[in-house]
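J.: If you scroll down you'll find the structure; I have some questions about it.
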Amino acid sequence: MQTLDLIGAEDGIEFGYGVRLDARLEGSSGPLALVLPGSERSSEDAVFIEALAAHFTVVAPSHPGFGLSPRPEWCASVSDIADIYLDWLEASGHTDVILIGLQFGGWVALEMATRSRSRIAQLVLVDSFGVKLGSPTDRNFADVFATPHDQLENLIYADQAFALGELGGAPENTVLEMARNDEALAIYGWEPYLYNRRLGQTIDRIAVPTLVVWGAEDGIASPDYGRRLAAHLPHARFEQIEQAGHRPQVERPHRVAELILTAAR
Amino acid sequence: MQYWHFNEAAYPDLPDPETYDSIRVTLPNGTIDPGHAADLWDRYIREWQVADECGLNVMVNEHHSTATCMTSAAPVVAGILARVTTNARILLLGNPVANRQDPVRIAEEMALIDLISRGRLEVGFVRGVQYEVSATNSQPIRMTERMWEAIDLITTAWTTHDGPFNWEGEFFQHRQVNIWPRPYQQPTPPIWITAGTPSSSGAIADHDYHVATFLGGLEGTRKVFQAYRDRLDELGKPGASDDKFGYAALVYTGQTDEEGREGARELLWYLQSNKVTKPFTYPPGYMPYQVRSAALRGPNASSSGAPALSPIPDMTSMSLDDLIELGVVFAGSPATVAAQIERFYSHVGGLGNLFLMGQAGHMGHEQTVRGIRRFAEDVVPRLERVTEKVSAT
């Protein structure tokens, strides 16, 4: 049975605690933009990363367990992932970092920003997970693990041209990557479902400028949730993106990049 | 050979399957008429009593959020059976240990039932079928490892009698484990684990536990049992006696072949009513991602589907004759059923326990009771001659 060819011990980039990850490096001038993806396939972010690379030095890893990145067994929580990137930032000496968290990656970015803010100049959250708002019966995020694939793609993309459609007709490696990403999401986010209760108490200390970007047609986490999240962050500005669902960086990559560039200036 | 009457205690009076996506997890419980459900429980419990009166044993299982099985808390039902049966051994197969937060509580529940039944309990442990992770919110990652740690903790709790012990495992932590009361049977009640494929048999053989398999047919079951026997060989242990092996099949015995087959056709409800959507059938992490990927690329599974326990695909569309041929169903007159079981017994290299799924779906009480009695009165004596002959040689 075919599996994905994960990166080997000599491949990829060594991040913190000796963990090697598959990562895209684009652009060589400007401050570091650390792009933390969600559970989309890595090729879906290509245009967005290229757009950022005109202005920033972009590093976009696949988190442990996602894409072609192996996962050390000890790395089993979003806090663990955050520690890996913070350790790397410390060792690499980068300052004035633009930290961009996309969906699941937004949760990772929030965990990082509540731990250490000295190297972060600008935080960007795009349709982010991570924070529980409201009462126990409020569902902040649609249950992706209970939703059939075709319905899920309707919730994720405003324009179904971006969807994979019927999986039987999709390339095998594409579905393998999707399935591996789903599994990683279940490892980190099954319970509590895509949030850390602690963040609800600690994000009010994130005293860095924060841009909260949300797809107007996000069916996974609503724009209303995004506005409420932004209201909990002390220096946040909310920007809604029209004609975009849960992954605006995929559907409107240039628009998202432009907002980030404006915020970072 | 020991025989166990088994019934999933379904709530079968459902709307047209076209009107719902999944019989598990999402079918609203407003579908249930509580009075009717209570009536069903009266008769199901009565049927287990009939089995006891006929000299058979009884078996219960547990599922969650599903109309296919109203036994949402098997220890409750096993506790009732401990009081309303007299001689039957009571097999709970099984406790879904990977989906329960507190193994010490399971150790307590089992010890209590064992005590109340004066040592008639046999305790099964299962990882749990995939739909259960959504119904119980249980993380579908590393469930087998979680199951085995839970079993280790439970058996340690049963066998430690000199005060509290400490447990700091990977999945479970408990500083003062000292269960009261302790089990009636010493050192522990007999322990059963289910295996769907041969790869699960080795660890069960390592512990000398009983191995049970469901609806695997002649070939699937032979492989599971053979892997258990091979593992014992590898370890240099003596061969396993028949009593270590159990198999669950759909079984109906009539006075004639036609009456038996008529009953079996009612039982096929169990194979044909498992309509479940893909997200609940293939939760991420429950199986390797490449297996899940292949399944997601395959045909749409959200039509009436077979139970996930069996390694045999496409059981829903098979004829009764095909299912009998495969060894999934035993049905007919007493002589016919005995011959089918004898053939099965020889093919799998011997087994000492048969779990008889003798009620499913809309099969009424009278028909269920007739099937149980006919089996006990007319099949068991025939099989005793066979199995005793085999074990004497």
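No value in this document is a laboratory result; all are computed from the given coordinates. Just so it is clear, the structure is predicted and the values come from calculations on it, not from any experiment. Don't worry about glycine lacking a Cβ; one is built from the backbone with ideal geometry, like all the others, and counts go over all protein chains shown.
J.: Which helices of chain B meet both criteria: a Cα extent of 18 Å or more along the helical axis and a mean Kyte-Doolittle score no lower than 0.5, with helices taken as whole DSSP H segments? Mind dumping the intermediate values first?
T.: Numbers: long enough: B:34-53 (28 Å, -1.02); B:103-116 (20 Å, 1.01); B:143-159 (24 Å, 0.04); B:217-235 (27 Å, -0.92); B:334-347 (20 Å, -0.16).
For chain B, where a helix must reach 18 Å along its axis and average at least 0.5, the hits are B:103-116.
J.: List the residues of region A:153-194 whose backbone N lies under 11 Å from a point placed 7 Å from the Cα of A:Gln243 along the Cα-to-Cβ direction.
T.: A:159
J.: Another question, then. Using 0.36 nm times the number of residues separating B:Glu18 and B:Gln101, minus their current alpha carbon distance, what extension gain do you get?
T.: Values: separation 83, 0.36 × 83 = 29.88 nm, distance 3.54 nm.
Result: 26.3 nm gained on full extension.
J.: Still on this structure, please answer the following. Hey, in the GNM for chain B with a 10 angstrom Cα cutoff, which one of B:Pro334, B:Pro288, B:Pro189 fluctuates hardest?
T.: Looking only at B:Pro334, B:Pro288, B:Pro189, the biggest GNM fluctuation is shown by B:Pro288.
J.: When chain A is modelled as a GNM with alpha-carbon springs shorter than 10 Å, which of A:Asp87, A:Asp127, A:Asp22 fluctuates the most?
T.: Comparing A:Asp87, A:Asp127, A:Asp22 in the GNM, the peak value goes to A:Asp87.
J.: May I have the convex hull volume per residue, in Å³, for the Cα set of the protein assembly as shown? Each step should come with its number before you reach the end.
T.: On the way: hull volume 111.3 nm³, N = 658.
Hull volume normalised by residue count: 169 Å³.
J.: So, R0 is 25 Å and r is the distance between the beta-carbons of B:Arg46 and B:Leu115; what FRET efficiency does that work out to, to 0.05?
T.: Values: r = 25 Å, r/R0 = 0.98.
After rounding, the FRET efficiency stands at 0.55.
J.: How would you order B:34-40, A:32-38 from highest to lowest mean count of nearby Cβ atoms within 10 Å? It would help to have the intermediate numbers written out before the result.
T.: Values: B:34-40: 11.6, A:32-38: 26.3.
Packing proxy ranking, top to bottom: A:32-38, B:34-40.
J.: Give me the distance between the Cα centres of region B:187-219 and region B:315-342, rounded to whole Å.
T.: Using only Cα atoms, the two centres lie 23 Å from each other.
J.: A follow-up question, please. For chain A, modelled as a Gaussian network with Cα springs under 10 Å, which listed residue fluctuates most, A:Asn196, A:Asn181, A:Asn173?
T.: A:Asn173
J.: Please work out the C-alpha center-to-center distance from region B:370-387 to region A:4-80 and express it in whole Å.
T.: That distance is 65 Å.
J.: Let me ask something else. Which aspartates and glutamates, if any, have their Cα less than 12 Å from the Cα of B:Lys275, not counting same-chain residues under 8 positions apart?
T.: B:Asp16, B:Glu18, B:Asp21
J.: As a test, work out the antiparallel percent of DSSP beta bridges whose residues both lie in region A:13-264, rounded to the nearest 5. Don't skip to the answer; put the middle values down first.
T.: Values: 6 of 30 bridges.
In region A:13-264, approximately 20 percent of DSSP beta bridges are antiparallel ones.
J.: What is the local net charge at B:Lys244, summed over the other residues whose Cβ is closer than 10 Å to its Cβ (Lys, Arg +1; Asp, Glu -1)? Don't skip to the end; give the middle numbers.
T.: On the way: positive: B:Arg229; negative: B:Asp208, B:Asp242, B:Asp243.
Here the charged neighbours net out to -2.
J.: Related question: Could you give the size of the charge dipole of the protein assembly as shown about its Cα centre, using +1 on the Cβ of each K and R and -1 on the Cβ of each D and E, expressed in debye and rounded to the nearest 20? Kindly include the intermediate steps, with their values, before the conclusion.
T.: Working: 53 positive and 84 negative charges, 243 e Å.
So the magnitude is around 1160 debye.
J.: Name the lysines eligible as straight-distance cross-link partners of A:Lys132: C-alpha to C-alpha under 17 Å, and not fewer than 8 places from it in the same chain.
T.: none
J.: Considering the alpha-carbon set of region A:1-148 alone, what are its Rg and its Dmax in angstrom?
T.: 15.5, 47
J.: Okay, next question. Size of the dipole of region B:2-392 about the Cα centre, Lys and Arg at +1 and Asp and Glu at -1 on the beta carbon, nothing else charged, in debye to 20? Mind dumping the intermediate values first?
T.: Details: 33 positive and 47 negative charges, 114 e Å.
It works out to roughly 540 debye.
J.: Right, here's the next one. Which whole number gives the average count of other chain Cβ atoms within 10 Å of the Cβ atoms across peptide A:177-187? Could you put the intermediate results ahead of the total?
T.: Details: counts 2, 5, 13, 6, 2, 9, 11, 4, 2, 8, 6.
Other-chain Cβ atoms within 10 Å of each residue's Cβ, averaged: 6.
J.: Write down, largest first, the equivalent ellipsoid semi-axes of chain A in whole Å, where each equals the square root of 5 times an eigenvalue of the alpha-carbon gyration tensor. Intermediate values should be presented prior to the final figure.
T.: Values: eigenvalues 114, 103, 72 Å².
Computed over chain A, the values are 24, 23, 19 Å.
J.: Let me ask something else. I need the per residue convex hull volume for region B:2-392, using only the alpha carbons, in cubic angstrom as a whole number. Mind dumping the intermediate values first?
T.: On the way: hull volume 54.7 nm³, N = 391.
Cα-based convex hull of region B:2-392, divided per residue, equals 140 Å³.
J.: Does region A:204-265 come out rounded, prolate or oblate by the C-alpha gyration tensor, with a ≥ b ≥ c the root eigenvalues, rounded set by a/c under 1.5 and, if not, prolate when a/b is larger than b/c and oblate if not? Don't skip to the end; give the middle numbers.
T.: On the way: a/c = 2.86, a/b = 1.23, b/c = 2.31.
Here region A:204-265 falls in the oblate category.
J.: Simple spin-label model, 7 Å along Cα-to-Cβ: B:Arg382 to B:Ala73 in nm?
T.: Rounded to a tenth, the inter-label distance reads 4.2 nm.
J.: Let me ask something else. With each label point set 7 Å from Cα along the Cα-Cβ vector, what nm distance links A:Asn154 and B:Glu234?
T.: Result: 4.8 nm between the two label points.
J.: By average Cβ neighbour count within 10 Å, what is the ranking of B:89-100, B:360-371, A:92-103 from highest down?
T.: Numbers: B:89-100: 24.4, B:360-371: 18.2, A:92-103: 21.1.
The peptides rank, most packed first, as B:89-100, A:92-103, B:360-371.
J.: Count charges around A:Pro171 for me, please; just the other residues with Cβ under 12 Å from its Cβ, Lys/Arg as +1, Asp/Glu as -1. Spell out each step's value before the answer.
T.: Values: positive: A:Arg41, B:Arg297; negative: A:Glu172, A:Glu177.
Once all neighbours under 12 Å are counted, the net charge is 0.
J.: Name the GluC sites (Glu not before Pro) in region A:121-223 that are in a loop by DSSP and that have at most 12 other C-beta atoms within 10 Å, would you?
T.: Values: sites: A:Glu153, A:Glu166, A:Glu172, A:Glu177, A:Glu183, A:Glu217; in loops: A:Glu166, A:Glu217.
Hits after loop and neighbour filter: A:Glu166.
J.: Ok, one more. As a test, work out the antiparallel percent of DSSP beta bridges whose residues both lie in the protein assembly as shown, rounded to the nearest 5. Please report the intermediate quantities before stating the final value.
T.: On the way: 10 of 71 bridges.
The antiparallel fraction comes to roughly 15 percent.
J.: Between rounded, prolate and oblate, where does region A:76-121 land on the alpha carbon gyration tensor, with a ≥ b ≥ c its root eigenvalues, rounded for a/c under 1.5, else prolate if a/b exceeds b/c? Before the final figure, lay out each step's value.
T.: Working: a/c = 2.00, a/b = 1.35, b/c = 1.49.
Taking the square roots of the gyration eigenvalues as a ≥ b ≥ c, region A:76-121 is oblate.
J.: Provide the net charge surrounding B:Ser273, with neighbours chosen by a C-beta distance below 11 Å and charges set as Lys +1, Arg +1, Asp -1, Glu -1. List each step's numbers first, then the result.
T.: On the way: positive: B:Arg24, B:Lys275; negative: B:Glu8.
The answer is +1.
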